[in-house]
């Protein structure tokens, strides 16, 4: 008997969605203008009709198990009439005899095809944006956020210098001293290497001591600098907090009012709820609050790596059929293009 699972390239335990996707992929690949293509299409249709119906599939699975035990599963395919040159039919019949690895690949292809099918109906006059549009919009908004963060840090440094000038001067001096000691250590290490080549043990011992003393001095100066810099931390932490707050306002307020940040406005994009209604203040706070809060918390643990992690989650829209990033799915929002209007 025919092995319908092999015909469709799926496992026996595949879900109906996987079977449907595999059926569509196989059907689209057939040339139904030819007699062999029509025959293959008929086989596919029969397999789909049986496996998509729970009752028929249950009966078929029992018959298939019995055929497998009696070694008659797929026998019809092996006995197909060959062509005049002695070679068997190609295409679907060859696929039916593929290995388990090939069937798993087909299942993945079916899932990928299903992932590309949007499940959200867009409002009239809108469409999903081209990836290039959305990437450009993100780059523009990121540049604005970088300017806000850089400006806040410069302002924090200025405030710290005006409020704690002696401490700032001490940190700068320690940094200069550390640079000087690093130079001394580097020069001494170079001489030690030269002393080893000439087997000058006396000079080597002298230069090694200079290097070790410089290393110890660098350790002492670094601790002094870090202790002094710690007194300035409140200013820099405050600057970071202000930068994140300004960034949140930049993202949330325009989106709440018009659905667009600067980048989206330039690219004719708009953020809406999944039902097509305006986002509003609450929706904007939820959507961007998640991004800003997670980035702010991770920043104190991972520093700049935090931005990379959050950016990865945001750009997951590239792998989503509805072009939704993690934050979009959390807030139930979508980004659409109304450039045609």
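Summary table below
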quantity	calculated
Failed item, numbered, when residue 149 is tested on (1) surrounded by fewer than 14 Cβ atoms within 10 Å (Cβ to Cβ); (2) part of a helix (DSSP H, G or I); (3) at pLDDT below 90	(1)
Restricting segment 27-42 to residues that are touching a helix residue (DSSP H, G or I) at 6+ places or on another chain (Cβ under 6 Å) and at pLDDT 80 or above, the residue that is farthest from residue 16 (Cα to Cα)	40
Where residue 12 falls short, out of the listed (1) surrounded by 13 or more Cβ atoms within 10 Å (Cβ to Cβ); (2) not in a loop (DSSP other than H, G, I, E, B)	(2)
Residues of segment 21-49 classified as assigned to a helix (DSSP H, G or I) and surrounded by fewer than 19 Cβ atoms within 10 Å (Cβ to Cβ), total	14
Check on residue 105, under 37 Å from the mean Cα position of the chain (by Cα), farther than 21 Å from residue 117 by Cβ and either in a helix (DSSP H, G or I) or at pLDDT 85 or above (or both)	no
Members of segment 234-293 that are under 21 Å from residue 147 (Cα atoms), without any contact (Cβ under 8 Å) to a residue 24 or more places away in the chain and surrounded by 15 or more Cβ atoms within 10 Å (Cβ to Cβ)	254, 260, 265
Members of segment 322-341 that are farther than 16 Å from residue 273 by Cα and modelled with pLDDT of 85 or more	none
Scan of segment 246-272 for residues that are touching a helix residue (DSSP H, G or I) at 6+ places or on another chain (Cβ under 6 Å) and assigned to a strand (DSSP E or B), ordered by number	269, 271
Selection from segment 53-75 of residues that are within 17 Å of residue 9 (Cα to Cα) and in contact with a helix residue (DSSP H, G or I) (Cβ under 6 Å, 6 or more places away or on another chain)	57, 60, 73
Answer from 219, 315 - the residue that is outside any strand (DSSP E or B) and under 24 Å from residue 337 (Cβ atoms)	315
Any hit, segment 121-139, residues being within 30 Å of residue 8 (Cβ to Cβ) and either loosely packed, with under 15 Cβ neighbours inside 10 Å or out of contact with any strand residue (DSSP E or B) (no Cβ under 8 Å at 6 or more places or on another chain) (or both)	yes
Scope segment 275-292; condition within 22 Å of residue 310 (Cβ to Cβ) and either modelled with pLDDT of 95 or more or in contact with a strand residue (DSSP E or B) (Cβ under 9 Å, 6 or more places away or on another chain) (or both); matching residues	279, 283, 284, 286, 287
Candidate set: segment 275-304, residues that are over 15 Å from residue 255 (Cβ atoms) and not in a helix (DSSP H, G or I); chosen: the one nearest to the chain's Cα centre (by Cα)	304
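The values are calculated or read from the model by the stated rules, or taken from the named source; none is laboratory data. For clarity, every value in this text was computed on a predicted model and none was experimentally measured. Ideal geometry is used to build each Cβ from the backbone, glycine not excepted, and the neighbour counts take in all protein chains shown.
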